[in-house]
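One structure below.
The values are calculated or read from the model by the stated rules, or taken from the named source; none is laboratory data. Please read all numbers here as calculations on a predicted model, not as lab measurements. Cβ placement follows ideal geometry from the backbone for every residue including glycine, while neighbour counts extend to all protein chains displayed.
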Amino acid sequence: MTYNNLLSKLPTDSELHYLSDTDSEYHNENYNYILFEYTTDWFPTLASLKSNNIEFIIKKDSFDLEYILIK
């Protein structure tokens, strides 16, 4: 899925990032994009990802903040 296509399926103010542009702490070779819990409307984002059958996982970083990795 392209960046623009994915962004169009997320809540309006979501800050979608390429995973390759983040710190190495977040890198995962199986995923392409990342959303941080503090830069998106969390529950509507999760609902949108699920309803559009977009593969994702939720993880926690070293600050105990959640983030979403998206294929």
Within the bounds of region 55-70, is there any residue that is in a loop (DSSP other than H, G, I, E, B) and in contact with a Ser or Thr (Cβ under 9 Å, 6 or more places away or on another chain)? no
Can you pull out every residue in region 31-45 that is touching a Leu at 6+ places or on another chain (Cβ under 9 Å) and over 20 Å from Phe63 (Cα atoms)? Tyr31, Asn32, Pro44, Thr45
Kindly provide the set of residues from region 49-71 that are of a type in the set (A, V, I, L, M) and either closer than 16 Å to Thr2 by Cβ or touching a Cys at 6+ places or on another chain (Cβ under 9 Å) (or both), ordered by number. Leu49, Ile54, Ile70
Enumeration of residues in region 17-48 that are under 16 Å from Met1 (Cα atoms), touching a residue at least 40 places away in the same chain (Cβ under 8 Å) and surrounded by 15 or more Cβ atoms within 10 Å (Cβ to Cβ): Leu19, Tyr31
Of (1) of a type in the set (Ser, Thr, Tyr); (2) touching a helix residue (DSSP H, G or I) at 6+ places or on another chain (Cβ under 7 Å); (3) loosely packed, with under 15 Cβ neighbours inside 10 Å, Thr12 satisfies all except one. Which? (2)
Selection from region 17-28 of residues that are outside any helix (DSSP H, G or I) and at pLDDT below 90: Thr22, Asp23, His27, Asn28
When you scan region 55-67, how many residues do you find that are touching a helix residue (DSSP H, G or I) at 6+ places or on another chain (Cβ under 7 Å) and either among the aliphatic types (A, V, I, L, M) or loosely packed, with under 10 Cβ neighbours inside 10 Å (or both)? 2
